[in-house]
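Data first, discussion second: the structure below is written as structure tokens.
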Amino acid sequence: MLIQIPELLNAAQLDKIHELLDQARFVDGRLTAGMAASKVKNNEELALDPELLQRLYRIIMASVGHSAVFRSAVLPAKVADFIFARYQPGMHYGDHVDDPIMGQGPKFRTDVSMTIFLNPPETYDGGELVIRTPFGEQQVKLPAGHAVVYPSASVHRVAEVGRGERLVALTWIQSFVRDAARRELLYELDQAREQLLRSDPQSDVAKNVDRSYVNLLRMWAEV
């Protein structure tokens, strides 16, 4: 399931992020890649600077934590610290699958990947996030502040940037529901549930859908 989250970050948040990143140092992105990914990865990532990273995390997590779409689609149990990646002309990231287990301290399983676009799409050529799905390849290049979430098990790549600069924030999430098909079913059911609860919360249909959602989540969740 590939879900777009529009306007996850607002203009003021984006301005602050760019202000912080404009003075930051970026390093070879292969330093954080696994063995297979390092052979196809060609980008830059924000150098380790704990104070700067904490300021950036606070800006982004203030919005991620309040996003109803994110919570419904991902059912997050653990969210990794964000990585800030930069692609300049000639840079790309070939086909790869994200590592199944991450974390330098406590380990977590990567069920869902998220990309937040930080630059307007018209400011750079190429740089599409290309995700392989059962229905063919899906190309994603969103306005600044918009995000996309998709299963970490998906084969995906970043197309080569021809002009300008692609700047994104990335994270990985362990979901309470590890199976992607079950998460998709729960997300669709939750959307119907929310609509029914808003329009006619006392109806038997609304109550039955609500009960079904809650009990399916109880059945499938891992805590």
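The values are calculated or read from the model by the stated rules, or taken from the named source; none is laboratory data. Only a predicted model underlies this, so the values are computations on that prediction, with no experimental measurement involved. Neighbour counts are summed over all protein chains in view; Cβ atoms, including those assigned to glycine, are modelled from backbone coordinates with ideal geometry.
Condition first: in a helix (DSSP H, G or I) and within 27 Å of Ala36 (Cα to Cα). Now tell me which residues in segment 170-201 satisfy that.
Ala180, Ala181
Search segment 70-97 for residues being charged (D, E, K, R) and surrounded by fewer than 18 Cβ atoms within 10 Å (Cβ to Cβ), and hand back the single one that is farthest from Ser175 (Cα to Cα).
Ranking the qualifying residues of segment 70-97, first place goes to Asp95.
Can you name the residue in segment 154-169 that is of a type in the set (Val, Ile, Thr) and in a strand (DSSP E or B) and, of all such residues, is nearest to the chain's Cα centre (by Cα)?
So the residue we want is Val168.
Restricting segment 96-124 to residues that are of a type in the set (Asp, Glu) and farther than 14 Å from Ala77 by Cα, which is modelled with the highest pLDDT?
The extreme case among them is Glu122.
Taking interchain pairs and intrachain pairs at least six residues apart, which have beta carbon atoms under 9 angstrom, with the first residue in segment 110-138 and surrounded by fewer than 20 Cβ atoms within 10 Å (Cβ to Cβ) and the second in a strand (DSSP E or B) and among the small types (Gly, Ala, Ser)?
Hits for this filter: Tyr124/Gly162; Asp125/Gly162; Gly126/Gly162.
Can you pull out every residue in segment 1-17 that is touching a strand residue (DSSP E or B) at 6+ places or on another chain (Cβ under 8 Å) and surrounded by fewer than 18 Cβ atoms within 10 Å (Cβ to Cβ)?
Met1, Leu2, Gln4
Which condition breaks for Val223 when tested against (1) under 28 Å from Gly65 (Cβ atoms); (2) crowded, with 20+ Cβ neighbours inside 10 Å?
The number of the failed condition is (2).
For Ala24, state whether it is of a type in the set (Gly, Ala, Ser) and either surrounded by fewer than 13 Cβ atoms within 10 Å (Cβ to Cβ) or free of Cβ contacts under 8 Å to residues at least 24 places away in the same chain (or both).
So Ala24 does not fit the description; no.
Mind listing whichever residues of segment 110-169 are among the hydroxyl-bearing types (Ser, Thr, Tyr) and either in contact with a helix residue (DSSP H, G or I) (Cβ under 9 Å, 6 or more places away or on another chain) or within 24 Å of Lys39 (Cα to Cα) (or both)?
Once the filter is applied, which keeps residues that are among the hydroxyl-bearing types (Ser, Thr, Tyr) and either in contact with a helix residue (DSSP H, G or I) (Cβ under 9 Å, 6 or more places away or on another chain) or within 24 Å of Lys39 (Cα to Cα) (or both), segment 110-169 yields Thr110, Ser113, Thr115, Thr133, Tyr150, Ser152, Ser154.
Can you name the number of the only condition in (1) part of a loop (DSSP other than H, G, I, E, B); (2) under 16 Å from the mean Cα position of the chain (by Cα); (3) not β-branched (Val, Ile, Thr) that Gly105 fails?
If we test Gly105 against (1) part of a loop (DSSP other than H, G, I, E, B); (2) under 16 Å from the mean Cα position of the chain (by Cα); (3) not β-branched (Val, Ile, Thr), just (2) comes out false.
Go through (1) closer than 26 Å to Ile101 by Cα; (2) in contact (Cβ under 8 Å) with a residue 24 or more places away in the chain; (3) out of contact with any Lys or Arg (no Cβ under 9 Å at 6 or more places or on another chain) one by one and return the number of the condition Ala159 breaks.
Failing condition for Ala159: (3).
Quick one: which residue in Arg183, Arg163 is of a type in the set (D, E, K, R), more than 30 Å from Lys16 (Cα to Cα) and at pLDDT 95 or above?
Being of a type in the set (D, E, K, R), more than 30 Å from Lys16 (Cα to Cα) and at pLDDT 95 or above holds for just one of Arg183, Arg163, which is Arg183.
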